[in-house]
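Q: Before anything else, here's the structure in question.
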Amino acid sequence: MTDTAAFPVEAAEPPKAMTEKNLTEALLYLDGVTVTFDGFRALNALSFTVDAGEMRAIIGPNGAGKTTMMDVITGKTRPDKGDVFFNGGTTDLTKLDETEIATLGIGRKFQKPTVFESHTVIDNLRLALKGQRGALANIFKRETAQERVKIDEIFETIRLGEHAHRLAGALSHGQKQWLEIGMLLAQDPKLLLVDEPVAGMTDAETAQTAELLREINANGHSVVVVEHDMTFVRDLGVRVLCLHEGSVLAEGTLDQVSANERVIEVYLGR
Amino acid sequence: MSQTDTRKPALLGTGGLVFLAIVIGLAVLVPALNLLLPAGSALHVPTYLVSLLGKYLCYALLALSVDLIWGYVGILSLGQGAFFALGGYAMGMYLMRQIGTRGVYGDPVLPDFMVFLNWKELPWFWYGFDWFPFAAAMVLLAPGLLALVFGWFAFRSRVTGVYLSIITQAMTFALLLAFFRNDMGFGGNNGLTDFKDILGFNIQADGTRAALFALTALALAGGYVLCRYLVRSHFGKVLIAIRDAETRVRFTGYRVENYKLAAFVVSACLAGIAGALYVPQVGIINPSEFSPANSIEIIVWVAVGGRGTLAGAALGAVLVNYAKTYFTSGMLAPYWLFMLGGLFVAVTLFLPKGILGTFLEWRARRSAGSPEPDAPPAPGITAKPAE
């Protein structure tokens, strides 16, 4: 037992049952989502909601189901059981594929930075920019002035302007992470799912990334960040959800969650 | 501050212009040297050489079609020869119908092999092939439709990588077996041959040969410009993105299967055109064109020339086929297949970007620091997608 537990910190809320109200008010709504791989329960009746305009951090030990959760939301994995709804319960995500979900307005950043390495930085943004996605129409596509303005805006945000015409493959690790976040911005999603954005970054880069994500959130995008780096999560200053063995272990502010005995036991260590 | 460049990227670039100049130069020069100079002149190009070069250029167009999907989308098709052969058969059927009563059996409607098989009527799928525009449409439609149906199933089911290669190989092998059968109605083992004329011109005449050569060169030039336009368009950028990180493209909201399908169909049509130009110049089309080994050979041409460079694929096709002509006509003939295999291994190990890919990389390194790269780097044969 640690000293922290002795402090009169408000206990983290236990996972609560979903209600009709949660469904219609939430941007993203997961209820009782279960995913099994060869008998292993990657997600076990996982339930939580993300409100419009909210930023949420998700922590948890390896194998807690963080990436599987993202796979379910983005249509890469179909849940065995449970509901996944978007836009106040109007859209059932379990019925859609990756492309349809991306078009709805859910953007995803992978754990390993995944940019189009043999394209220039600016072409990466052009490809991600919200707009025409049809194959035949894009044979004759010309960049509009509006799109050019939007791309310049994104360069302001991700601070990669001087690298616009370099190949994305030539960027440093941290720059690739930012480029990928910039590509998400270009998609202009309602919800950004960001998987370990600061893995492998220097302290300065980590702080800048926290600032960048706060800025993105302030501009009206909902953000879900999966991260191990507790300093970074603290920098974000948002509600935290701790996953363990495929379900929610604790939810609340970082202080509340890190005071939770079970969280300390399975994740933070003593 | 604006990062967006106002410069429009040139469609062709210096390299592309050089390539086009060479091909169009050949289209003019070779027929001229053949037709205008007397046979005794040192610069005279004999007719057999015109047809041989024409054959090389057909292969170059075929290689270009493979490079469009392998070099830019990462689809390693080991069945491209099937599309080439289908285009060839469409042209061959037209040429058979042009023989008329000049066949061995003198039947005004039925080609010789049908008379020989004791058939009484022309099968329905031969109707219309006596009319050139119909045959020309089939040159595009037959391979295009096969690619559309095959690709629709394969890409929708997300068959990728080596599995896709294997089923394309199976496709061409199945067609090989089918076309070998006499009762398929395409001449069986012997295929279609003994052509007499094309559009009323004697197919053996020097003038016809020269014209066919010039047409082939123009088709290659046109195919090059088309591919180049496609790969530099927004569409083409999506293709390259699919090659490098397919999952990312899906999560960005593009319907990957539609892009792959569009590229695959264009590529099949180009291969069909190459086949249709090939048949009148070599004088025969038979099922061996469907053989899996042929399709694999095309991959070697592209790898040698430089995957993902377009012009390199054409160059590789010409070089490897020149080597094939040279080595299979001498005492080294029995060893040609060993040489070809050795060449592929050597290129993979020592020149993974191929001849042109290596050259472009060397040139890019020399002028390092140029703000806008002329072209994205060639992927090379060993390049794997990120996921």
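Q: Straight-line reach from B:Lys324: which lysines have Cα under 24 Å away, leaving out those fewer than 8 places along the same chain?
A: B:Lys55, B:Lys353
Q: May I ask which residue of B:Ala85, B:Leu145, B:Phe155 lies farthest towards the positive end of the charge dipole of region B:43-160, with charges of +1 (Lys, Arg) and -1 (Asp, Glu) on Cβ and the Cα centre as origin?
A: With unit charges placed on the Cβ atoms, the residue in question is B:Phe155.
Q: Treating each Cα of region A:93-230 as an identical point scatterer and ignoring solvent, apply the Debye formula and state log10 I(q)/I(0) at q = 0.11 Å⁻¹.
A: With one equal scatterer per Cα and no solvent, log10 I(q)/I(0) is -0.39.
Q: By DSSP, what percent of the beta bridges with both residues in the protein assembly as shown are antiparallel, rounded to the nearest 5?
A: 60
Q: Separate question: Expressed as a whole number of Å, what is the distance separating the alpha-carbon centroids of region B:311-332 and region A:194-270?
A: Each part reduced to its Cα centre gives a spacing of 61 Å.
Q: Let me ask you something else. How large is the dipole of region B:13-366 about the Cα centre if only Lys and Arg carry +1 and Asp and Glu carry -1, each at its Cβ, rounded to the nearest 20 debye?
A: The calculated dipole for region B:13-366 is roughly 1280 debye.
Q: Which longest run of chain B has no exposed loop site in it, a site being trypsin sites (Lys or Arg not before Pro) in a DSSP loop with at most 11 other beta carbons within 10 Å, and the site itself not part of the run?
A: My reading of the result: B:121-387 is the longest stretch.
Q: Using a cut-off of under 17 Å, list every residue of region B:236-264 whose amide N is near the label point 7 Å from the Cα of B:Ser157 along the Cα-to-beta-carbon line.
A: Flagged as within label range: B:257-258, B:261.
Q: For the charge dipole of the protein assembly as shown, defined by +1 on Lys and Arg C-beta atoms and -1 on Asp and Glu C-beta atoms about the Cα centroid, which residue among A:Gly252, A:Ala135, B:Leu37 has the Cα displaced farthest towards the positive pole?
A: B:Leu37
Q: Same structure, new question: If r is the Cβ-Cβ distance from A:Thr94 to A:Asn62 and R0 is 25 Å, what FRET efficiency results, to the nearest 0.05?
A: My answer for the efficiency is 0.45.
Q: Next up: Mind checking the dipole of the protein assembly as shown: about its Cα centre, +1 per Lys or Arg Cβ, -1 per Asp or Glu Cβ, Debye to the nearest 20?
A: 2000
Q: Would you please report the Å³ per residue occupied by the convex hull of the alpha carbon atoms in region A:18-157?
A: Given the Cα convex hull of region A:18-157, per-residue volume reads 160 Å³.
Q: Under unit Cβ charges (Lys, Arg +1; Asp, Glu -1), what dipole magnitude, rounded to 20 debye, does region B:7-140 have relative to its Cα centre?
A: Around 380 debye, computed over region B:7-140.
Q: Here's a follow-up. Give me the number: length gained by fully extending B:Ser329 to B:Ala21, i.e. 0.36 nm times residue separation minus the C-alpha to C-alpha distance, one decimal in nm.
A: 107.8 nm
Q: If amide H atoms are built 1.01 Å from N in the plane of the peptide, which residues on other chains or at least 5 residues away come under 5 Å of the amide H of B:Gly74?
A: none
Q: Can you tell me the Rg and Dmax of region B:139-185, counting just the alpha carbons, in angstroms?
A: Over region B:139-185's Cα set, Rg and Dmax evaluate to 12.4, 36 Å.
Q: Need one number: nm distance between label points at B:Ile166 and B:Met184, each 7 Å from Cα along Cα→Cβ, rounded to one decimal.
A: Result for the modelled spin labels: 2.4 nm.
Q: Enumerate the calculated ³J(HN,Hα) couplings along region B:140-148 in order (Karplus 6.51 cos²θ - 1.76 cosθ + 1.60, θ = phi - 60°), each rounded to whole Hz, writing x wherever the residue is Gly or Pro.
A: 8, 6, 4, x, x, 5, 4, 5, 5
Q: Moving to a separate point now. Give the Kirkwood hydrodynamic radius (Å, one decimal) of chain B, defined as one over the mean of 1/r across all pairs of different Cα atoms.
A: For chain B, inverting the mean 1/r across all distinct Cα pairs yields 21.9 Å.
Q: Grab the eigenvalues of the alpha-carbon gyration tensor for region B:151-266, scale each by 5, take roots, and send me the semi-axes largest first in whole angstrom.
A: 37, 24, 9
Q: Relative to 2.2 N^0.38 Å, what does the C-alpha radius of gyration of region A:4-268 come to as a ratio? Two decimals please.
A: 1.03
Q: While we're here: Ignoring the sites themselves, what is the longest stretch of chain B with no chymotrypsin sites (Phe, Trp or Tyr not before Pro) in a DSSP loop and at most 12 other beta-carbon atoms within 10 Å?
A: Longest site-free region, per DSSP loop and neighbour criteria: B:132-387.
Q: Looking only at region A:4-268, where both bridge partners belong to it, what percent of the DSSP beta bridges are antiparallel (to the nearest 5)?
A: Roughly 55 percent of the beta bridges in region A:4-268 run antiparallel, per DSSP.
Q: Could you check which residue among B:Gly79, B:Gly236, B:Gly222 shows the biggest mean-square fluctuation in a GNM of chain B with a 10 Å Cα cutoff?
A: With Cα springs under 10 Å in chain B, the top fluctuation among B:Gly79, B:Gly236, B:Gly222 is at B:Gly222.
Q: Also, I was wondering about something else. Can you tell me the equivalent ellipsoid semi-axes for the protein assembly as shown? Use √(5λ) from the Cα gyration tensor, largest first, whole Å.
A: The equivalent ellipsoid of the protein assembly as shown has semi-axes of 59, 27, 20 Å.
Q: If you take the charge dipole of region B:13-366 about its Cα centre, with +1 on Lys and Arg Cβ and -1 on Asp and Glu Cβ, which of B:Leu226, B:Val266, B:Gly308 is farthest toward its positive end?
A: B:Gly308
Q: When you look at the Cβ of every residue in B:237-246, what mean number of other chain Cβ atoms sits within 10 Å?
A: Whole-number average of other-chain Cβ neighbours for B:237-246 is 5.
Each reported figure results from applying straightforward, stated rules to the coordinates on display, with no laboratory input. What you see is a predicted model, and the numbers here were worked out from it, not measured in a lab. When we count neighbours, we look across all protein chains shown, and the Cβ atoms used for this are built from the backbone with ideal geometry, even at glycine.
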